[in-house]
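> Please read through the structure below; I'll follow up with questions.
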Amino acid sequence: MNTKEWNPGQLLEISGYYWKTCTLHAGVKLDLFTAIGKEQIKAGDMARQLDVDERALTMLLNALAAMNLLEKTEETYANLPAVETLLSKDSPQYIGYMIMHHHHLVESWFHLDEAVNTGKPVRTSASLGDEERRESFLMGMFNLAMGIAPGVAKQIGLSNRRHLLDLGGGPGTYAIHFCVENPSLKATIYDLSTTRPFAERTIGKFNLSDRIDFLPGDYLKDDIKGRYDAVWLSHVLHGEGPGDCQKILWKTVSAMEPGGLIMIHDFVLNDTMDSPLFPALFSLNMLLGTPYGQAYSEKQIMEMLAEAGAKEIQRIPFQGPNDSGIVTGII
């Protein structure tokens, strides 16, 4: 039982937290952290460099300093090392693309009550609408996956597998790291044709074009060509309702060799559907943007896999950011 006792200050902090969110989003959108780099810079100099209003920029920089995202010394501002690592585009660990994806979601969250009233999505283009939004989403997923995939590839043994299907694989981060970890493995990324340029660019950076190919298609509308003895579905199921999730898994299994390994990575709710917090909130995000998408519980995912014919179904001991988990089965 939840016994937390609330007071007005705590509720108002939640109510106004979007002020902090929008401050961070503005800093990333204006690319302030990259502009500062490793320097100490005055607001006036930065305003001229970025061609923005000096008074307004000073207010934003002061707020970012108050949030401990910048360090202010007299009249100059500097990046904190950890923040520079994550928010400067010059860093390979940059997560600003995903922050900008979150920025593109903000407007729809203002209409959550409308979505609850109607049961229908209010967002149409946050992920794949225009080039900027598509880049933010795909590269944001790439940046996050880059922090997860190397460890996952080491934890899940694919040394005896020959051909991996990365279903809905986007830029191919997981396919890449599974292949890096398993030199005899080949992989196919299956995703919409609009994703192909991002995937091929990423594959090329890792010099894996001879082992990873791209198969364009829509896993809801099209058949899955080829035969695979391992399949990875990362953050695929939450975009669809239960019926379409089952359809995707049936299609996937039909393209697998007997004894093949199927792996589902997603935000996983507990079986009462009311925790952990992020998957519960993520269900609302799917309500806002999809007709039937949601986060699923471990039990629901296991039941879908069993219905598709999988055996030896288990949740492996892995916990990713925002309570993502991995459920596997053998076909």
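> State all residues of region 197-231 that are touching a Pro at 6+ places or on another chain (Cβ under 6 Å) and at pLDDT 95 or above; if no residue qualifies, say none.
none
> All but one of (1) in a helix (DSSP H, G or I); (2) in contact with a helix residue (DSSP H, G or I) (Cβ under 8 Å, 6 or more places away or on another chain) hold for TYR77, so report the exception by its number.
That leaves (1) as the condition not met.
> Among (1) farther than 18 Å from MET141 by Cβ; (2) in contact with a Gly (Cβ under 7 Å, 6 or more places away or on another chain); (3) of a type in the set (D, E, K, R), there is one condition ASP271 misses while meeting the rest; what is its number?
Only one criterion in (1) farther than 18 Å from MET141 by Cβ; (2) in contact with a Gly (Cβ under 7 Å, 6 or more places away or on another chain); (3) of a type in the set (D, E, K, R) is unmet by ASP271, namely (2).
> For the list (1) modelled with pLDDT under 95; (2) among the small types (Gly, Ala, Ser); (3) part of a strand (DSSP E or B), I need the number of the one condition that GLY259 fails.
Among (1) modelled with pLDDT under 95; (2) among the small types (Gly, Ala, Ser); (3) part of a strand (DSSP E or B), GLY259 violates only (1).
> Report, ordered by the first and then the second residue, all pairs with beta carbons closer than 6 Å, sequence separation of six or more or different chains, a first member in region 110-121 that is aliphatic (A, V, I, L, M), and a second member that is surrounded by 11 or more Cβ atoms within 10 Å (Cβ to Cβ).
Partner pairs satisfying both residue conditions: ALA115/VAL122; ALA115/LEU287; ALA115/LEU288.
> Exactly one of these conditions fails for ALA306: (1) surrounded by 15 or more Cβ atoms within 10 Å (Cβ to Cβ); (2) hydrophobic (A, V, I, L, M, F, W, C); (3) within 21 Å of TYR228 (Cα to Cα). Give me its number.
Condition (1) is where ALA306 drops out.
> Still on this structure: Which of the residues spanning region 27-44 are part of a helix (DSSP H, G or I) and surrounded by fewer than 15 Cβ atoms within 10 Å (Cβ to Cβ)?
Listed by number, the residues that qualify are LYS29, GLY44.
> Next question. Can you find even one residue in region 120-134 that is over 30 Å from PHE198 (Cα atoms) and not hydroxyl-bearing (Ser, Thr, Tyr)?
yes
> Then there's this: Going by the conditions given, is VAL327 touching a strand residue (DSSP E or B) at 6+ places or on another chain (Cβ under 8 Å), β-branched (Val, Ile, Thr) and under 20 Å from HIS102 (Cα atoms)?
no
> List pairs: first residue in region 272-291 and on the phi < 0 side of the Ramachandran plot, second residue of a type in the set (Ser, Thr, Tyr) anywhere in the structure, Cβ distance under 7 angstrom, at least six positions apart or on different chains.
Note: pairs meeting the criteria are LEU288/SER108; GLY289/SER108.
> When both residues are 6+ apart or on different chains and their Cβ atoms are under 6 Å apart, which pairs have a first residue that lies in region 307-331 and is assigned by TED's automatic domain parsing to the domain that holds ASP244, and a second that is in a helix (DSSP H, G or I) and of a type in the set (Asp, Glu)?
Partner pairs satisfying both residue conditions: ARG315/GLU298.
> Do we find that ARG161 is modelled with pLDDT of 95 or more, of a type outside the set (Gly, Ala, Ser) and within 30 Å of ASP223 (Cα to Cα) in this structure?
yes
> Then there is this: For region 146-167, name all the residues that are in contact with a helix residue (DSSP H, G or I) (Cβ under 8 Å, 6 or more places away or on another chain), surrounded by fewer than 24 Cβ atoms within 10 Å (Cβ to Cβ) and closer than 22 Å to SER254 by Cα.
LEU158
The values are calculated or read from the model by the stated rules, or taken from the named source; none is laboratory data. Note that this is a predicted model, so its numbers are computed, not measured. Using ideal geometry, Cβ is built from the backbone for each residue, glycine included, and neighbour counts are taken over all protein chains shown.
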